[in-house]
1. Would you check if Ala171 is modelled with pLDDT of 95 or more, among the small types (Gly, Ala, Ser) and open to solvent by less than 50 Å² (accessible area, probe 1.4 Å)?
2. Could you check Thr22 against (1) closer than 19 Å to Ala149 by Cβ; (2) part of a helix (DSSP H, G or I); (3) among the polar types (S, T, N, Q) and say which number it fails?
3. In the stretch 67-91, what residues are under 28 Å from Val152 (Cα atoms), buried (at least 20 other Cβ atoms within 10 Å of the Cβ) and more than 16 Å from the chain's Cα centre (by Cα)?
4. Asp72 passes all but one of (1) among the acidic types (Asp, Glu); (2) touching an Asp or Glu at 6+ places or on another chain (Cβ under 9 Å); (3) under 20 Å from Val167 (Cα atoms); (4) without any contact (Cβ under 8 Å) to a residue 60 or more places away in the chain; which number fails?
5. When the stretch 1-60 is examined, which residues are found to be under 14 Å from the mean Cα position of the chain (by Cα), open to solvent by 20 Å² or more (accessible area, probe 1.4 Å) and among the hydrophobic types (A, V, I, L, M, F, W, C)?
Amino acid sequence: MFQNRTDAGRRLADALADRGVTADVVLGIPRGGVPVARAVADALGAPLDVVVASKIGAPDDPEVALGAVASDGTAWRNDDLVAAAGATDAYFERERRREAELAREKLSRYRGTDELPDLDGRRVLVVDDGLATGATAIAALGQVRAAGADRVTLAVPVASPRSLATVRAEADEVVCVESPPEFDAVGRFYRSFEQVSDEAAMASLRDEG
């Protein structure tokens, strides 16, 4: 159980140190991943930035992630969930385009540009506050890889065993503090798991939070 996202970030930083993980840049996934990434970046002495991905919801239940797309259009699709939800290819593509545009707009709000920082040849650590389906993390990892990163590590405080197994194929290394078999929701493993506003996340990015 983590006290809050900052506590989770500090404990995640300890786990990274135990594994000997270093990074040239830490990228938090807004919104909730940024305060976790802030604590990790501070502990590692690495600069903090963001990578943005948006989930693609099911037709009748937008909270169910059929996949996700990053700000550059890089997408990941869960074919089993797409079939179970009865979503057509046309629906998925339409939502992919819409969510990619929203992700680009969010990246512009955070960075003042719709482009990532220069990641070519760099060791990149992507951080989120937890993995339920892992969809947004996978899309973010795909964009980071496409941007030329030399080594990509994903770090999260908590994850479902299923999502953890899925994301391992998408990163050079995955570090997770807790992966309980009884996982049901990320927030259940935080004593305080309030929604993080864009303003609060941007303040963490600027080290003002």
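1. Numbers: modelled with pLDDT of 95 or more: yes; among the small types (Gly, Ala, Ser): yes; open to solvent by less than 50 Å² (accessible area, probe 1.4 Å): yes.
Yes, satisfied.
2. Answer for Thr22: the failing condition is (2).
3. Asn78 - this is the single residue of the stretch 67-91 that is under 28 Å from Val152 (Cα atoms), buried (at least 20 other Cβ atoms within 10 Å of the Cβ) and more than 16 Å from the chain's Cα centre (by Cα).
4. Of (1) among the acidic types (Asp, Glu); (2) touching an Asp or Glu at 6+ places or on another chain (Cβ under 9 Å); (3) under 20 Å from Val167 (Cα atoms); (4) without any contact (Cβ under 8 Å) to a residue 60 or more places away in the chain, only one is false for Asp72: (4).
5. Leu48
The values are calculated or read from the model by the stated rules, or taken from the named source; none is laboratory data. The shown structure was predicted, so the numbers you read here are calculated from the model rather than taken from an experiment. All Cβ positions, even for glycine, are placed from backbone atoms using ideal geometry, and neighbour counts span all protein chains on display. SASA here: full protein model, heavy atoms, side chains in, ligands and nucleic acids out. Shrake-Rupley method; radii C 1.70, N 1.55, O 1.52, S 1.80 Å.
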